[in-house]
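Values quoted throughout were computed directly from the atomic coordinates according to the rules given, and no laboratory measurement underlies them. Keep in mind that what you see is a predicted model, and the values were worked out from it rather than measured. Cβ atoms come from the backbone with ideal geometry, glycine included; neighbour counts cover every protein chain shown.
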Amino acid sequence: MSSYGLSQILIGRDPVPLTQRVGLPELRLIPEMLRMEGTVYQEMLSTLGPLDPFTIPLSEFMRLDYRRVADLLKEVGMSCSELIQDAWRRGMRQVVICDGRIVYETRNLEDIPNETIEMLQREHDKPCYTFSAPDIVEESTWSTDTLYGEDYPTISLFLGHEEANESEIDDPKKFARINADFDTGTVHLRAFPSHKLLSPLKDFMLPLREYEHLGKKYNAFNKMARMCVRSVEGKVHSTVCGIRVVEEWEACALLQVSPKRVGFVGRSTLREFGVVLELDPLRKVSRVHESS
């Protein structure tokens with residue numbers, strides 16, 4: 001333990017010198033009593049071997065970094081694959097698994113709110129893992145040609161914190177501008193790479209979820225964001241909505257059809273803004289107009 005730069009730890013209210021024998025297994029069971037920096041905590045965990053996704057204490061789970069949570073999510077997806085696939089066959093679109101069983105399921109296409117998953121974790125006092133049925137899209141991998149394929153239609157969006165002021169969309173410290181691919185065959189999907197967003201939108205937070213796009217899995221966490229668009233007439237339209245933030249974008253399943261994609265939104269985006277999108281294939285540009 002001294003190799004982590006710690007001279008003592010705090011057990012309850014009493015500091016315990018590291019010269020006193022304290023077993024790592026015992027420390028692992030009481031992480032809420034450890035007072036140490038997050039990076040040091042992650043380094044300590046790396047010495048303890050694999051974690052069990054169902055028996056890990058919730059307090060410890062809440063302190064894990066993205067990589068460790070992603071590994072646990074993948075493990076649950078594999079061990080509970082039959083349970084998950086049966087839910088999709090029954091028409092469910094999302095499930096939450098806790099302790100090896102489904103504790104919540106829904107046919108709703110909109111992503112389950114973070115607050116619902118957090119409530120389930122508090123009720124069961126255990127980590128919960130969320131899975132979504134394959135994205136409903138009309139694009140397909142067989143139409144992809146990275147050398148000679150046609151350009152994908154896009155829409156220029158401004159994304160900031162949900163409390164950001166839409167009048168400041170040109171401030172690069174308040175809003176990130178992203179030319180996202182626009183798919184009329186997709187409804188509610190709004191996904192963006194974390195490295196294109198600003199803090200706090202890009203900062204990892206639980207719960208992490210597993211999605212599937214054209215047969216390949218990808219992970220994302222959800223944030224509420226203010227999403228804006230500006231019409232050619234100069235008017236700014238704004239909405240607060242949930243977005244999927246993807247940490248590992250370069251390897252993301254969403255890039256199968258459009259490898260240079262830096263964002264992906266469905267047709268509900270236009271309804272939320274109440275605007276008209278003009279696609280000009282000759283000039284290869286998209287224009288946002290006011291609805292007449």
| In debye, nearest 20: dipole of the range 141-290 around its Cα centre with unit charges on the Cβ of K, R (+) and D, E (-)? | 100
| note | Among the range 223-259, those whose backbone N falls under 19 Å of a label point 7 Å along Cα→Cβ from residue 187 are 241-244
| query | Which order results if 177, 190, 89 are arranged by neighbouring Cβ count within 10 Å, fewest first? | reply | 89, 177, 190
| remark: Unit-weight point scatterers at every alpha-carbon of the range 227-272, Debye formula, q = 0.19, 0.20 1/Å: log10 I(q)/I(0) is -0.77, -0.82
| remark: Between residue 74 and residue 167, the two model label points (7 Å from Cα along the beta-carbon direction) sit apart by a distance in nm of 4.8
| note | In debye to the nearest 20, the charge dipole size for the range 146-206, taken about the Cα centre with +1 at each Lys and Arg Cβ and -1 at each Asp and Glu Cβ, equals 200
| request: Can you tell me the dipole magnitude for the range 73-132 around its Cα centre, using point charges on the Cβ only (Lys, Arg +1; Asp, Glu -1), in Debye to the nearest 20? | output: 240
| Residue separation times 0.36 nm, minus the C-alpha to C-alpha distance between residue 63 and residue 282: what's the value? | 73.7 nm
| field | From the C-alpha gyration tensor of the range 141-290, square roots of 5λ in Å | value | 23, 21, 13
| field | Dipole of the range 73-132, positive direction: furthest Cα of 124, 113, 83, with charges on the beta-carbon | value | 83
| Fully extended, how many nm does the chain gain between residue 83 and residue 177 (0.36 nm per residue separation, minus their Cα-Cα distance)? | 29.8 nm
| query | Near residue 174, which lysines are there with a Cα under 27 Å away, not counting those fewer than 8 places off in the same chain? | reply | 196, 202, 223, 235, 260
| message | With N set to the number of residues, divide the alpha-carbon radius of gyration of the range 73-132 by 2.2 N^0.38 Å and report two decimals. | response | 1.04
| What FRET efficiency, computed as 1/(1 + (r/R0)^6) with R0 = 35 Å and r the Cβ-Cβ distance, is obtained for residue 233 and residue 203, rounded to the nearest 0.05? | 0.50
